[in-house]
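A quick write-up on the structure given underneath.
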There are 4 protein chains.
Amino acid sequence: MAGIQLTQTHMTYHTDFFALAEQLITAGRFIDSKGWVPATSGNFSARLPNGTIAITVSGKHKGCLQQDDIMLIDADAIPLDGKTPSAETELHTALYKRYPDVHAILHPHSMTATLASRLFKTEVILQDYELLKALPGIKTHDTCISIPIFANDQNIPRLAAQVDNYIDQHGDILAYIIAGHGLYTWGHSVQHALRYLEALDFLLLCELHLHGVKL
Amino acid sequence: MAGIQLTQTHMTYHTDFFALAEQLITAGRFIDSKGWVPATSGNFSARLPNGTIAITVSGKHKGCLQQDDIMLIDADAIPLDGKTPSAETELHTALYKRYPDVHAILHPHSMTATLASRLFKTEVILQDYELLKALPGIKTHDTCISIPIFANDQNIPRLAAQVDNYIDQHGDILAYIIAGHGLYTWGHSVQHALRYLEALDFLLLCELHLHGVKL
Amino acid sequence: MAGIQLTQTHMTYHTDFFALAEQLITAGRFIDSKGWVPATSGNFSARLPNGTIAITVSGKHKGCLQQDDIMLIDADAIPLDGKTPSAETELHTALYKRYPDVHAILHPHSMTATLASRLFKTEVILQDYELLKALPGIKTHDTCISIPIFANDQNIPRLAAQVDNYIDQHGDILAYIIAGHGLYTWGHSVQHALRYLEALDFLLLCELHLHGVKL
Amino acid sequence: MAGIQLTQTHMTYHTDFFALAEQLITAGRFIDSKGWVPATSGNFSARLPNGTIAITVSGKHKGCLQQDDIMLIDADAIPLDGKTPSAETELHTALYKRYPDVHAILHPHSMTATLASRLFKTEVILQDYELLKALPGIKTHDTCISIPIFANDQNIPRLAAQVDNYIDQHGDILAYIIAGHGLYTWGHSVQHALRYLEALDFLLLCELHLHGVKL
């Protein structure tokens, strides 16, 4: 088995993988500099043109990732190189299946998302901020969006189904929060997802300040 | 048209432009290190001795600007090099027309200005701070200044007119806030504007702490 | 006496010591970058395979430790190299005696632990956080742990006995707080202890925000 | 006059001056990294063995001081090199005259001291913190000290006299706050003063959190 997997490694890693792995490593350094991935929390991924997915392995500190800490899975979350992906991998693959234009997903554990989920329970409403224009498809501050909050669950397929059902019923979303856990956001590229993350964390913090969590 | 603009580029960029572009890039790094320009928010400009204006292009992260991300416009906000300036360019040109001694304008999106606009609605009053002496023309802490807050508006000429009318009626101001958006401040040089910005953000944060936003 | 100790120095420092000292120095830089060791506060240690202990000397700033600021003691806190260890050394040796698998102990003075001890008095309860999974032996967010708080005491043997008695009565703990002082945490390696510390400080700060200290 | 001063410059700068200037420059970088000297606020000094005093000139940013931004005055605040010292120089010379063992004075404008003066009005009481032991002469957390707060005054000799009278009546102090302005602290060396400053700012922030300023 190990031999087969080694062979697969030699067959599947190529330029696209290394380029995206480098982007995830750089994103991790930025995200950690903000304090959004304490200990070994968080996970990140990026989809290759051929449909396979580069994703962080389980259990590493996201502020000092190495190339070896990024692995390759297929669209169904099956490891292609014998490494162990994040326990939450199926949340990534579910989003990639739903959204063909999405090529990067970032999931940090920032304190703002953690506290927002305790304060707001089911959703965070963001409106009347100029910075909303940093999010995809928004042209004016005079906009109102909802970031849904889902109960945490160690059963990841069940949690992924909960997200899928929500989107089926409520329409497309730009991000979601898992309660007591963190934010998921995504975009056309790692750079886009990183900008959305930076904007969303800022806006969540504004809301916490304005609504009375003792931040 | 593109050909003409390309020619203009070759004609208009010179030493003054590159020196000021470098100052704006350095200022951007400092401002981003404070967390005041999340995602691609904010815009900065500096006026050349010949009256043209170096200004950040639309849509770049202000913490990692390159020379190519600074463009040249004339005093009426007309691009001189075929690039696209910030959507808020006319707020800059209006200030340069009013204040001949102003050679730099900085507009970050700090959380303090965003929250201050939600808390104070029409103006922030700053008084009895030693740090007021960092602002131009102030010699003692025993001073009281007002930073007006204007409603946000995606119609920039209308917003610029609102600022102009306010100054016509109330006299000169040192800075203003656009609600849910950010602070505009300016000075004789990029360095001066940066010092005023640093002092104003500190004083706005003091006021937030003292007036009860849960910062 | 000084002569004997000098000789011991030449005899006792070896590769294990220098490797662990380097890890403590690096950990100190990280911990200081978070603001958790103001002035010369805090102390760190790591146990060598031969049972001796590398520990920070008294009175140095933990953000800029040098090899010379780490000393060697035996399992009973007796200096082996003529240097003066931290006044709190016996808190370290007591933990090493109780927990054979522990090879590193970190004690910073973060504001979160200081404030948590004023707010919660006898213990901090942490539950329903995904980040709990960063702590040893915890597999789900649906877990509840207690971090006990002990009154501060300049009599260190008496304080160490207080900790020992508590564990005898209540069972194993992952960390404890000394009131108005700081957190003690430990792990199988310096890296493990550092990850636990990062997770615990994050969770303590969440609790402060949620329980109303005006952080 | 300028000629005489130029000559004095050549006569008075020597190794001691350059060594202390370097220490003040390094201290400034550290203090600025904490956000304690916004804009061009703050001033620092160190006393040479011959009784003259190296002090920051007026109007420079303390995070990027150059050797040229440190000047030399005598014990009565008379410039010895033709430069202009900080407007608050006489607060430094008054402390040096009172305390022969003091060789460094640091005065930042941190937000904690600014807010503490608004909240506590006449004095800040610090007690039952382990970190008090970082201050000179304190051996146990079971200690209570007072940091007096003086009203701000642009008349510096009058302010210096107010401080002197207070100490005459109340006995020695370790630091004082000028309201809406900042903290003064001092020590046997720049390093000592910097450690006291770091400890005091931490403890002031603890008090703000515990007493309800919305920090």
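For B:Ala193, state whether it is among the small types (Gly, Ala, Ser), more than 14 Å from chain A (Cβ to nearest Cβ), over 22 Å from A:Gln127 (Cα atoms) and without any contact (Cβ under 8 Å) to a residue 40 or more places away in the chain. The answer is no for B:Ala193.
Evaluated against (1) surrounded by fewer than 24 Cβ atoms within 10 Å (Cβ to Cβ); (2) at pLDDT 95 or above; (3) touching a helix residue (DSSP H, G or I) at 6+ places or on another chain (Cβ under 8 Å), B:Ala87 falls short on exactly one condition, (2).
Looking at D:Asp164, D:Asp153, which is the one that is at pLDDT 95 or above and over 29 Å from B:Glu198 (Cα atoms)?
Values: D:Asp153 fails: over 29 Å from B:Glu198 (Cα atoms).
Just one listed residue meets the conditions, D:Asp164.
Kindly indicate which of D:Leu183, D:Leu131, D:Leu106 is among the aliphatic types (A, V, I, L, M), at pLDDT 95 or above and over 22 Å from B:Leu131 (Cβ atoms).
Testing whether each residue is among the aliphatic types (A, V, I, L, M), at pLDDT 95 or above and over 22 Å from B:Leu131 (Cβ atoms) leaves just D:Leu131.
Residues that are within 14 Å of chain A (Cβ to nearest Cβ), within 16 Å of the chain's Cα centre (by Cα) and of a type outside the set (Lys, Arg) within the range B:60-107 comprise B:His61, B:Gly63, B:Ser86, B:Ala87, B:Glu88, B:Leu91, B:His107, listed in sequence order. Screening D:Gly171, D:Gly182, D:Gly187 for residues that are touching a residue at least 40 places away in the same chain (Cβ under 8 Å) and either surrounded by fewer than 16 Cβ atoms within 10 Å (Cβ to Cβ) or more than 14 Å from chain B (Cβ to nearest Cβ) (or both) leaves exactly one candidate, D:Gly187. As for the range A:121-138, it holds no residue that is within 28 Å of C:Lys139 (Cβ to Cβ) and buried (at least 21 other Cβ atoms within 10 Å of the Cβ). Residues of the range B:113-148 that are more than 11 Å from chain D (Cβ to nearest Cβ) and polar (S, T, N, Q): B:Thr114, B:Ser117, B:Thr122, B:Ser146. Of the residues making up the range B:37-59, those that are touching a helix residue (DSSP H, G or I) at 6+ places or on another chain (Cβ under 7 Å) and within 14 Å of chain A (Cβ to nearest Cβ) are B:Val37, B:Pro38, B:Ala39, B:Thr40, B:Ser41, B:Gly42. Which condition does A:Thr40 not pass, out of (1) modelled with pLDDT of 80 or more; (2) touching an Asp or Glu at 6+ places or on another chain (Cβ under 7 Å); (3) among the polar types (S, T, N, Q), if it passes all the others? For A:Thr40, the exception is condition (2). Summed over the range D:17-48, residues that are free of Cβ contacts under 8 Å to residues at least 40 places away in the same chain and buried (at least 16 other Cβ atoms within 10 Å of the Cβ) total 5.
In the range D:160-202, how many residues are among the hydroxyl-bearing types (Ser, Thr, Tyr), closer than 18 Å to D:Arg47 by Cβ and out of contact with any Ser or Thr (no Cβ under 7 Å at 6 or more places or on another chain)?
Going through the range D:160-202, the residues among the hydroxyl-bearing types (Ser, Thr, Tyr) turn out to be D:166, D:176, D:184-185, D:189, D:196.
Going one step further and asking which of them are closer than 18 Å to D:Arg47 by Cβ, we end up with D:184-185, D:189, D:196.
Among the residues that remain, those that are also out of contact with any Ser or Thr (no Cβ under 7 Å at 6 or more places or on another chain) are: D:184-185, D:189.
Qualifying residue count, the range D:160-202: 3.
Residues in the range C:162-215 that are closer than 29 Å to A:Lys62 by Cα and charged (D, E, K, R): C:Arg195, C:Glu198, C:Asp201, C:Glu207. Of all the criteria given as (1) under 22 Å from C:Tyr166 (Cβ atoms); (2) touching a helix residue (DSSP H, G or I) at 6+ places or on another chain (Cβ under 6 Å), the one not satisfied by C:Tyr99 is (2).
If you filter the range D:49-58 down to residues that are free of Cβ contacts under 8 Å to residues at least 40 places away in the same chain and within 16 Å of the chain's Cα centre (by Cα), you find that the one that is surrounded by the most Cβ atoms within 10 Å (Cβ to Cβ) is D:Ile55. Taken over the range C:190-215, residues that are over 20 Å from A:Asp32 (Cβ atoms) and in contact with a strand residue (DSSP E or B) (Cβ under 8 Å, 6 or more places away or on another chain) amount to 1.
Output the residues belonging to the range D:121-136 that are in a strand (DSSP E or B) and hydrophobic (A, V, I, L, M, F, W, C).
Going residue by residue through the range D:121-136, those that are in a strand (DSSP E or B) are D:123-127.
Correct list: D:Val124, D:Ile125, D:Leu126.
The values are calculated or read from the model by the stated rules, or taken from the named source; none is laboratory data. In this text the structure is predicted, and so the values were computed from the model without any measurement. Cβ sites come from the backbone with ideal geometry, for glycine too, and all protein chains shown count toward neighbours.
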